[in-house]
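Everything below concerns the one structure shown next.
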Amino acid sequence: MTLSLEHFLFFGASLFCIGLAIVLTKRNAIVVLMGIELILNAANINLIAFSQYDPGLGGQMFALFVMILAAAEVAVALAIVLNVYKYFRSSNLDEISSLGDEV
């Protein structure tokens, strides 16, 4: 059994919907970051799936760029989350209303 383009697109769309649901419903900052990573991975799956129709390596190179960008985003975002947790003693996004307010 071979996997067609529709299988990859369905899997990518499923990952995107799961990531979007996580971002919209969860309030923990680290879980929201995981949802954003799912969304980026869904985009990568679509890039790789469509690149089979491209004679060059454009899709794979762009997917590699997105992976590097996602790794940098995780490093910076986790550093920010750790500093916010150190200041507010919470990673709940609802409890962190402003960077200047005291909890």
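The table below gives the values:
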quantity	calculated
Cβ-Cβ under 6 Å pairs, at least 6 apart or on other chains, region 64-86 side closer than 16 Å to Gly35 by Cα, far side assigned to a helix (DSSP H, G or I) and of a type outside the set (A, V, I, L, M, F, W, C)	Val66/Asn44
Selection count where residues are acidic (Asp, Glu) and closer than 17 Å to Lys26 by Cα, scope region 71-98	2
Selection from region 66-103 of residues that are at pLDDT 75 or above, among the small types (Gly, Ala, Ser) and either within 29 Å of Ala42 (Cβ to Cβ) or surrounded by fewer than 13 Cβ atoms within 10 Å (Cβ to Cβ) (or both)	Ala70, Ala71, Ala72, Ala75, Ala77, Ala79, Ser91
Of the criteria (1) surrounded by 14 or more Cβ atoms within 10 Å (Cβ to Cβ); (2) free of Cβ contacts under 8 Å to residues at least 12 places away in the same chain; (3) not hydrophobic (A, V, I, L, M, F, W, C), which one Gly59 fails	(2)
Residue within region 40-53 that is in contact with a Gly (Cβ under 7 Å, 6 or more places away or on another chain), among the β-branched types (Val, Ile, Thr) and assigned to a helix (DSSP H, G or I) present	yes
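The values are calculated or read from the model by the stated rules, or taken from the named source; none is laboratory data. Every value quoted in this text rests on a predicted model; they were computed, and no experiment measured them. Don't worry about glycine lacking a Cβ; one is built from the backbone with ideal geometry, like all the others, and counts go over all protein chains shown.
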